Amino acid sequence: MARPSTHVWRLGKWARTAARHGALRGIQNDPNTPVPVKRLIGLFSIGTVKRREADYAGAFRAIGPAAIKLGQSLATRPDIVGEDAARNLLTLQDNLPPVAFEAIRESIESSFGQPLEALYASFDPEPVGAASIAQVHKATTTDGRIVAVKVLRPGVRERFARDIGTYEWAAAHLEAFGGEAARLRPRLTIANFKRWTNRELDLRREAASASELAEAMVGTPGYSVPAIDWERTNGRVLTLEWVEGVKIADLDGLRAAGHDLPDLARRLVLAFLKQAISAGFFHADMHQGNLFVQADGTIVAIDFGIMGRIDRRARQWLAEILYGLITGNYRRVAEIHFEAQYVPAHHSVDEFATALRAVGEPMRGRPVSELSVGQMLDGLFAITRDFDMQTQPHLLLLQKTMVMVEGIATSLDPEINMWDSAAPFVHEWIRDELGPEAALAERIRSDTETLLRIPALVRRLEEQYPPRGGAPDPPPLPRVPLVWEEGGGLGVLRFAGYTIAVAVGAAAVGAARWFGLI
């Protein structure tokens, strides 16, 4: 573990980089920023030449690979970084210069323990993409299949571990200041960020995520996940099916290929809803560079390093919240927030419903080009402080992905209405999962699970209270009154007298022995 002075040195170096990009001005001017933090920023910023307009994305890019990932995750947290910073961070692209091919070759050969040529018949030394964690090469396997090979950058795990250690140290001290800093729970935010990045740094986990998502999306027309080559995959190398198609960001290319862009937008939204609400397991890095469209119109996703997971109860709450906002049932949405304990019980449900109405009503019946899900999230974040709502880190990835999906859907079809696209799916899911039949089935399932746990419960009781042995029970023993129990206070006096008499008698016997009388 690094010493505090090391963490302070790193934070100071990063602060100076951020100050040069004008990225600390908002923190210094925010009345909720703890005074010691403002003083440190002022100290670290001495002598720096600051940009007039803040470039938050440029600051995170200049700080390093771990900061790029952190900046991307903060892009959906206007409650922490502010609306201007969040919008600017949405432009933060994870593109870095590639690692030399010789280093990549050495990494592959050392991880598999065999020459590169034993695994791949051909391997393009020029990567098709290079990011902060890994880079991707096109190759052909020894059995003739064209594949994409993703390789971790050498030393990236160690560098991320070092930087995240400093993030944890800084978050702990920030949260200790209390107030608004504690409400935003920075320690939990960094803990989730650490978990997400650790998953990305183990390419076996990414391969498993791709496999699980493919199973969850079976039967979904027009959506596909590349197949994994498990024989050529380990913790540092991932080999999967090569995808031929047009990037979903290439609108001219999509039109030239004859694709229906509004239909692509609708199918993308439905695919996301099926993952998040039906499966509870979703692709959480659905930016434009990770989606392709094949010749037959199938949307293919790549890069499964960041995945989100939501348990069944949280999915039920989410579906009811979305449907309540779609239908204008703000009272029910408010009740769900209180049931989930997102809002402390001392607040008024009706007041919270009114605040939700102020956010939801302007969105109903309007296209995304006029008002967006991202703006809705901004509005929801704005009321969290008024109702003492702590941030829910398990929903951060969902919020981030919703903004990404909305941005892509809007680029494909500026007139799309996310609410109208989502309403039929959400309504059907609620009917199937929360209707009377579903409630009865859930009750039967939970009661059956309870019954099946009874034998184990009986065994634990028997271990706690074992049966008697083969010996007969002892006979009942008569109760002998104790001296201190007789006659209340008189009994106590008698006991004291008995004790003194015994002591005096013992002393007399001892004295007699001493003088040789006995």
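A few points about this structure:
- Hits in the stretch 305-314 - residues which are in contact (Cβ under 8 Å) with a residue 40 or more places away in the chain and either open to solvent by 40 Å² or more (accessible area, probe 1.4 Å) or part of a helix (DSSP H, G or I) (or both): Ala314
- Options Leu318, Leu270; residue that is within 30 Å of Lys247 (Cβ to Cβ), among the hydrophobic types (A, V, I, L, M, F, W, C), at pLDDT below 85 and open to solvent by 10 Å² or more (accessible area, probe 1.4 Å): Leu318
- Selection of helices (runs of 4 or more DSSP H) fully inside the stretch 146-214 by the criterion of at least 1 residues being of a type in the set (Phe, Trp, Tyr) and in contact with a Lys or Arg (Cβ under 9 Å, 6 or more places away or on another chain) returns 156-176, 186-200.
- Tabulated pairs, the stretch 222-251, first within 19 Å of Met307 (Cα to Cα), second open to solvent by 30 Å² or more (accessible area, probe 1.4 Å) and of a type in the set (Asp, Glu), C-beta under 7 angstrom, 6+ apart or interchain: Pro226/Glu241; Ala227/Glu241; Gly235/Asp202
- Residue match in the stretch 112-119 (condition: open to solvent by 60 Å² or more (accessible area, probe 1.4 Å), within 19 Å of Ala62 (Cα to Cα), out of contact with any strand residue (DSSP E or B) (no Cβ under 8 Å at 6 or more places or on another chain) and free of Cβ contacts under 8 Å to residues at least 12 places away in the same chain): no
- If only residues of the stretch 273-304 that are assigned to a helix (DSSP H, G or I) and not polar (S, T, N, Q) are counted, the one that is surrounded by the most Cβ atoms within 10 Å (Cβ to Cβ) is Ala276.
- Selection status of Ile41, within 24 Å of Ile306 (Cβ to Cβ), of a type in the set (Val, Ile, Thr) and open to solvent by less than 60 Å² (accessible area, probe 1.4 Å): no
- Test: Leu254 is touching a residue at least 24 places away in the same chain (Cβ under 8 Å), over 26 Å from Asn95 (Cα atoms) and either of a type outside the set (Lys, Arg) or open to solvent by less than 10 Å² (accessible area, probe 1.4 Å) (or both): no
- Qualifying helices (runs of 4 or more DSSP H) (wholly inside the stretch 377-481; at least 2 residues being within 27 Å of Gly328 (Cβ to Cβ), among the charged types (D, E, K, R) and at pLDDT below 70): 418-434
- Set Glu339, Glu370, Glu351, Glu335: member being open to solvent by 40 Å² or more (accessible area, probe 1.4 Å), more than 30 Å from Ala208 (Cβ to Cβ) and at pLDDT below 80: Glu370
- Considering the conditions (1) crowded, with 20+ Cβ neighbours inside 10 Å; (2) in contact with a strand residue (DSSP E or B) (Cβ under 6 Å, 6 or more places away or on another chain), Ile133 is excluded by exactly one of them, (2).
- From the options Gly58, Gly113, Gly26, residue that is over 29 Å from Trp196 (Cβ atoms) and among the small types (Gly, Ala, Ser): Gly113
- Selection status of Arg232, modelled with pLDDT of 90 or more, under 23 Å from Glu102 (Cβ atoms) and under 22 Å from the mean Cα position of the chain (by Cα): no
- Residue check for Leu238: at pLDDT 90 or above, part of a strand (DSSP E or B) and either farther than 15 Å from Ala409 by Cα or open to solvent by less than 30 Å² (accessible area, probe 1.4 Å) (or both): yes
- Among the residues making up the stretch 25-41, those that are touching a helix residue (DSSP H, G or I) at 6+ places or on another chain (Cβ under 7 Å) and of a type outside the set (Val, Ile, Thr) are Gly26, Gln28, Asn32, Pro34, Lys38.
- Within the stretch 117-143, the set of residues being among the small types (Gly, Ala, Ser) and assigned to a loop (DSSP other than H, G, I, E, B) comprises Ala131, Ser132.
- Selection of the stretch 1-26 for residues being of a type in the set (S, T, N, Q) and open to solvent by 30 Å² or more (accessible area, probe 1.4 Å) yields Ser5, Thr6.
- Residues in the stretch 1-17 that are over 20 Å from Ala172 (Cβ atoms) and of a type outside the set (Ser, Thr, Tyr): Arg16 alone.
The values are calculated or read from the model by the stated rules, or taken from the named source; none is laboratory data. Being a predicted model, the structure only gives us computed values, none of them experimental. Neighbour counts run over all protein chains shown; Cβ positions are idealised from the backbone, glycine included. Just so you know, the surface numbers come from the protein's heavy atoms only, side chains and all, with ligands and any DNA or RNA stripped out. Shrake-Rupley method; radii C 1.70, N 1.55, O 1.52, S 1.80 Å.
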